[in-house]
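Beneath this line is the structure, given in structure tokens, with notes to follow.
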Amino acid sequence: MAAEEEGLTGPGETRPAPGPGSGGEAAPAAPRSVPELMLGRPPMARPLPTFDTEAAPAEPGPLFVDWLATALHAGVLDPQVFTLSTVDADGMPDARVLVLRDVDAAGTGWVFSTAADSPKGRQLADHPAAALTVYWPQLGRQVRVRGTVERAADQVAGAEFATRSPAARIGALVGRQSEPLASPAEYEEAVAVARRRLETTPDTVAAGHAVYTLWAHEVEFWQGDAERHHVRLRYTRTGPVRTPEWSRTLLWP
């Protein structure tokens with residue numbers, strides 16, 4: 001079947017006229033395949049910023065903060081959201097989306113929080129290393145980070161917990177992340193219990209709430225280009241963690 005008949009026309013193509021009784025609008029037909037779904041929608045086909053690697057700082061932390069600020073000013077939705085990748089006990093990769101809590105620009109550490117008894121918390125306890133990926137679509141920019149992970153003291157986690165929104169604290173107090181759920185009603189009941197607990201004791205901290213820092217060993221900044229002339233700059237740590245000792249390398253697209 002032609003793409004036009006599927007309502008998935010590409011550049012310069014036209015759609016067929018609506019059929020009789022359609023009310024003036026053709027109902028979109030279900031695509032037969034993923035390639036048909038993406039037909040005529042090339043990635044990054046829009047004006048994108050440039051990346052002057054010669055002007056990049058000697059350390060990756062300040063550059064990340066600058067790119068994050070640019071994403072915020074550009075109106076990127078949820079620019080603080082990133083993907084954290086870990087490995088389980090069998091060596092299988094695992095990934096999920098989290099919220100960035102802070103950046104130690106001087107030491108080049110990315111800070112996030114989660115429940116220590118969650119799957120990612122258990123994985124980090126067994127293998128304290130991870131990868132972090134963030135992508136800002138409107139800017140065509142990606143940052144990749146690899147390194148070791150360190151759990152902060154409970155006092156740090158407690159102070160961070162107090163800064164979270166009531167909804168986030170209630171969710172953490174409910175706990176049982178990733179466990180099987182019998183029904184939505186069971187969850188709503190647990191939320192109600194957690195809400196009453198927070199109202200009664202506002203200073204309460206969820207058991208096992210933990211703050212982690214991913215100390216980067218390697219950071220890559222990637223600027224996309226519609227013509228595939230992507231610009232990639234990789235920082236590699238050459239000194240101990242928390243020291244400003246890095247080398248920089250341009251990479252082929």
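The values are calculated or read from the model by the stated rules, or taken from the named source; none is laboratory data. If you're wondering where the values come from, they're calculated on a predicted model, not measured in any experiment. Neighbour counts run over all protein chains shown; Cβ positions are idealised from the backbone, glycine included. These area figures cover heavy atoms from the full protein model, side chains too; ligands, DNA and RNA do not enter into them. Shrake-Rupley method; radii C 1.70, N 1.55, O 1.52, S 1.80 Å.
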- Single residue of the range 26-75 satisfying the filter (in a helix (DSSP H, G or I) and charged (D, E, K, R)) that is surrounded by the fewest Cβ atoms within 10 Å (Cβ to Cβ): Glu54
- Message: Can you say whether Glu160 is among the acidic types (Asp, Glu), within 25 Å of Trp67 (Cβ to Cβ) and open to solvent by less than 80 Å² (accessible area, probe 1.4 Å), as far as the supplied structure shows?
- Response: yes
- Query: From the set of residues in the range 199-228 that are β-branched (Val, Ile, Thr) and touching a Ser or Thr at 6+ places or on another chain (Cβ under 8 Å), which is farthest from Thr133 (Cα to Cα)?
  - Reply: Val211
- Task: Would you point out the residue of the range 207-236, among those that are of a type in the set (D, E, K, R) and open to solvent by 30 Å² or more (accessible area, probe 1.4 Å), that is nearest to Arg197 (Cα to Cα)?
- Result: Glu218
- Task: Would you mind telling me which numbered condition in (1) at pLDDT 75 or above; (2) out of contact with any strand residue (DSSP E or B) (no Cβ under 8 Å at 6 or more places or on another chain); (3) open to solvent by 40 Å² or more (accessible area, probe 1.4 Å) Glu5 fails?
- Result: (1)
- From the residues in the range 222-240 that are under 15 Å from Glu59 (Cα atoms), of a type outside the set (Gly, Ala, Ser) and not in a strand (DSSP E or B), which one is modelled with the lowest pLDDT? Pro240
- Query: If you scan the range 85-136, which residues turn out to be over 23 Å from Trp246 (Cα atoms), open to solvent by 20 Å² or more (accessible area, probe 1.4 Å), hydrophobic (A, V, I, L, M, F, W, C) and in contact (Cβ under 8 Å) with a residue 60 or more places away in the chain?
  - Reply: Ala115, Ala116
- Message: Can you say whether Pro180 is at pLDDT 90 or above, at negative phi and open to solvent by 40 Å² or more (accessible area, probe 1.4 Å), as far as the supplied structure shows?
- Response: no
- So which strands (runs of 3 or more DSSP E) stay within the range 80-142 end to end and still have 2 or more residues that are of a type outside the set (A, V, I, L, M) and farther than 24 Å from Val205 by Cα? 81-87, 93-99, 129-136
- Scanning the range 86-133 for residues that are among the basic types (Lys, Arg) and more than 26 Å from Glu59 (Cβ to Cβ) gives Arg96, Lys120, Arg122
- Quick one: Glu150 ticks every box in (1) within 25 Å of Thr243 (Cβ to Cβ); (2) open to solvent by 50 Å² or more (accessible area, probe 1.4 Å); (3) outside any strand (DSSP E or B) bar one, so which box is it? (3)
- Filtering the range 188-213 down to residues that are charged (D, E, K, R) and assigned to a helix (DSSP H, G or I), which residue is farthest from Arg176 (Cα to Cα)? Glu199
